[in-house]
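Below is one structure, written out as structure tokens; the observations come after it.
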Amino acid sequence: MAALWRVEEAAEYLGIRPKTLYEWVRLGRVPYRKIGFNVRFDPDELEQWTRGQSRGGGELPAAAGGSMAPKDGVASAPVSHTLVELANDAAVVLRKLERDVGTNLSFPARRKLLTLAERLENAACTVTDG
């Protein structure tokens, strides 16, 4: 097993900012390890994860948000990985909006923003966990 990477090393490998990687960790979008208060990444797990993020070609595997089988066991149509990303991105925007302007909103409006963000995150998790 290779040494675990810090956020900066993993972000550089992925070609993203550390802030983005922290957000992906918060959303559970990327494999990571929690050691005390520290977030660490296994290089082998990240490499495997990035291979699963491919957009080209056919259907994604079920674990990557490809297709889901309903409870009756009949396979359904492929689920768009883009839709899962959109739901996660929208949830992030809603939470940021609530943080940034929440004090200017009524309590019910703030609660509605947070509830919608949570529903989007849960829907995306349900789709990817299938």
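FYI, it's all coordinate maths here, none of it is from the lab. As the structure is a computational prediction, the values presented were derived from the model and not from experiment. Note that each Cβ is placed from the backbone with ideal geometry, even for glycine, and that neighbours are counted across all protein chains shown.
Here are some notes:
- Efficiency of FRET between Gln48 and Glu85 - r from beta-carbon atoms, R0 22 angstrom, step 0.05: 0.70
- Estimated translational D of the stretch 1-53 in µm²/s (Stokes, Kirkwood radius over Cα pairs; 37 °C; 0.692 mPa s): 299 µm²/s
- Highest average packing first - 27-38, 86-97, 8-19, Cβ atoms within 10 Å: 86-97, 8-19, 27-38
- Derived scalar couplings between HN and Hα for the stretch 12-28 equal 5, 4, 7, x, 10, 7, x, 4, 5, 5, 4, 5, 5, 5, 4, 7, x Hz in order, rounded to whole Hz, by the Karplus curve 6.51 cos²θ - 1.76 cosθ + 1.60 (θ = phi - 60°), x for Gly and Pro.
- Neighbourhood net charge (12 Å Cβ-Cβ; Lys/Arg +1, Asp/Glu -1) for Ala11: -1
- Length gained on full extension, Asn38 to Ile16, computed as 0.36 nm times the residue gap minus the Cα-Cα distance: 6.0 nm.
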